[in-house]
Amino acid sequence: MKGRPPGKSGGPARGGKPGGATKPGGRSGAPGRARGGAKAASARKKDGDKPFKPAAKPRTRAPVAKAAAPAPAVAAKPNPAKGVSLDVRQYRVQADDDGIRLDRWFQRHLPDVGFNIVSRWSRTGQLRVDGARAAPGDRIAEGQMIRVPPAEPKAAPADKPKRVRVIDLTEDEIAYVQDMVIHRDKQAIVINKPPGLATQGGTKTDEHVDRLLDGLIFDAESRPKLVHRLDKDTSGALLIARSSRSAAHFAKAFSSRTARKVYWAIVIGVPSINDGMIELPIAKQPGTGGEKMHVDEAEGLPARTRYRVIERAGNRAAWVELQPYTGRTHQLRVHMAAIGHPLVGDGKYGGKESFLSGSISRKMHLHARRIRVDHPDGGRIDVKAELPEHFLASLVSLGFDLSLGDMPLDDEIDRTPTREDEKKFARAHAKLVRKERRGERRGRGEK
């Protein structure tokens, strides 16, 4: 038979193809592969005839959540801060959120992520819906997948340095204002303001109580606050609040007239009524730039002052107690001048007639003797301020009895009837009954 002679094995090589080409060097490719397979099989037998399987690479998917809470497919990495996730989160849009804006979805399900953060994620391409970049104003539909970047850790708040208050007062000024203190507690301070020291600053007024308040901080954390004022030439009790809460409380007490203030004054002449009420409206006097007030029945604001004569020095002067029921500027001075009895030393409202000759001081004789007000923490503040030297000297010079000065307020007077009051009432009642009987007898006689 003519043709190519068969191979030594009498057939095609194992693993080869009939008519397969022979590699250079006299070896065919198929037998080489066969020999490699044999070596692999031999190696498997040595390992216990276990079939070899290549290790599969792990596939990591982003977590998918149907509700607001993400469900990661792999274990989450430890978070550096509580409540902060370092993994990309994905959420499935539910039926309740169909058609709403994307920023509205964040408000519902991730309220801790602010609008500014959502906008930044959108600008940088980190925020996606179904794999496409999304904007905060885009509408979302049920079934869409929202890709949310990892939550950003919140920066720890920096420790704010404590504000150090600078006290721009000399040691002498601090000692000066602290010497005025006649009452102090956790909520209030009462000082005895000297005459000539303004309560607050103004034109050409650099020295005043308000400037000195830094010297009254003591152990408090904040600067004290003024809640009412006294005229520059008026001395006496001035209440100061030590906190915002007490300042609001005292301001309400003054505006509602529950706080009581008692003044002492020496006036020219003697009022004809020992205990009277002055009700005259007060307004700013035109042409004085608001520096002077006057009685104005047409346009003035209502003003009420009660006065009581403590003692009289003949017809020359009287020592009086004044209680303002309203708080108009210069009210006591205007009212007493209006009834013809200006304060001694008050040239603004009394003119030359307000000065007494002799040893009587030409300073104004008006002193805030007592202040009584409810305390914010319960109870009352009830403080009396001692007289300045010039006022005390005038009282002594005019011969007044100093023990008569502190008269009780109306609500401090005991109204309980005494035995003598009961006898007077019984006598008055018996007298009235006798008159009625005489009238009845006369009526019967006429008939």
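The values are calculated or read from the model by the stated rules, or taken from the named source; none is laboratory data. On a predicted model such as this, the values are computed, not experimentally measured, just so you know. Note: ideal-geometry Cβ built from the backbone for every residue, glycine included; neighbour counts use all protein chains shown. Note: areas computed on protein heavy atoms with side chains; ligands, DNA, RNA excluded. Shrake-Rupley method; radii C 1.70, N 1.55, O 1.52, S 1.80 Å.
Checking ARG147 against (1) surrounded by 14 or more Cβ atoms within 10 Å (Cβ to Cβ); (2) at pLDDT 65 or above; (3) touching a strand residue (DSSP E or B) at 6+ places or on another chain (Cβ under 8 Å); (4) assigned to a loop (DSSP other than H, G, I, E, B), which single condition isn't satisfied? Failed condition: (4). Counting only helices (runs of 4 or more DSSP H) that fall entirely inside the stretch 328-432 and contain at least 1 residues that are of a type in the set (Asp, Glu), the qualifying elements are 389-398. The residues of the stretch 167-186 that are within 28 Å of the chain's Cα centre (by Cα), over 18 Å from ALA237 (Cβ atoms) and not aliphatic (A, V, I, L, M), listed by number, are ASP168, LYS186. It is to be established whether one or more residues within the stretch 104-120 are surrounded by 15 or more Cβ atoms within 10 Å (Cβ to Cβ) and within 11 Å of GLU142 (Cα to Cα). No: the stretch 104-120 contains no residue that is surrounded by 15 or more Cβ atoms within 10 Å (Cβ to Cβ) and within 11 Å of GLU142 (Cα to Cα). LEU409 meets each of the listed conditions (1) touching a helix residue (DSSP H, G or I) at 6+ places or on another chain (Cβ under 9 Å); (2) farther than 27 Å from LEU197 by Cβ; (3) of a type outside the set (Val, Ile, Thr); (4) open to solvent by less than 40 Å² (accessible area, probe 1.4 Å) apart from (1). When you look at HIS330, is it at positive phi, in contact (Cβ under 8 Å) with a residue 24 or more places away in the chain, open to solvent by 20 Å² or more (accessible area, probe 1.4 Å) and not aliphatic (A, V, I, L, M), yes or no? Taking the combined requirement at face value, the residue satisfies it. Total residues in the stretch 213-234 satisfying the condition of being more than 24 Å from the chain's Cα centre (by Cα) and free of Cβ contacts under 8 Å to residues at least 60 places away in the same chain: the figure is 1. For the stretch 213-263, a tally of residues being in contact with a helix residue (DSSP H, G or I) (Cβ under 7 Å, 6 or more places away or on another chain), open to solvent by 20 Å² or more (accessible area, probe 1.4 Å) and farther than 14 Å from ILE371 by Cα returns 3. Restricting the stretch 269-306 to residues that are open to solvent by 20 Å² or more (accessible area, probe 1.4 Å) and of a type in the set (S, T, N, Q) leaves a set whose member that is farthest from PRO324 (Cα to Cα) is THR288. One residue stands out in the stretch 307-327 among those that are closer than 27 Å to GLY399 by Cα, outside any strand (DSSP E or B) and of a type outside the set (S, T, N, Q): the one that is most open to solvent (accessible area, probe 1.4 Å), namely ARG316. Among the candidates LEU392, LEU366, the residue that is closer than 21 Å to LYS261 by Cβ, open to solvent by less than 50 Å² (accessible area, probe 1.4 Å) and either among the hydrophobic types (A, V, I, L, M, F, W, C) or in contact (Cβ under 8 Å) with a residue 60 or more places away in the chain (or both) is uniquely LEU366. Whether any residue in the stretch 380-389 is out of contact with any Phe, Trp or Tyr (no Cβ under 8 Å at 6 or more places or on another chain), open to solvent by 30 Å² or more (accessible area, probe 1.4 Å), within 30 Å of ARG245 (Cα to Cα) and not charged (D, E, K, R) is what I want to check. There is no residue in the stretch 380-389 that is out of contact with any Phe, Trp or Tyr (no Cβ under 8 Å at 6 or more places or on another chain), open to solvent by 30 Å² or more (accessible area, probe 1.4 Å), within 30 Å of ARG245 (Cα to Cα) and not charged (D, E, K, R).
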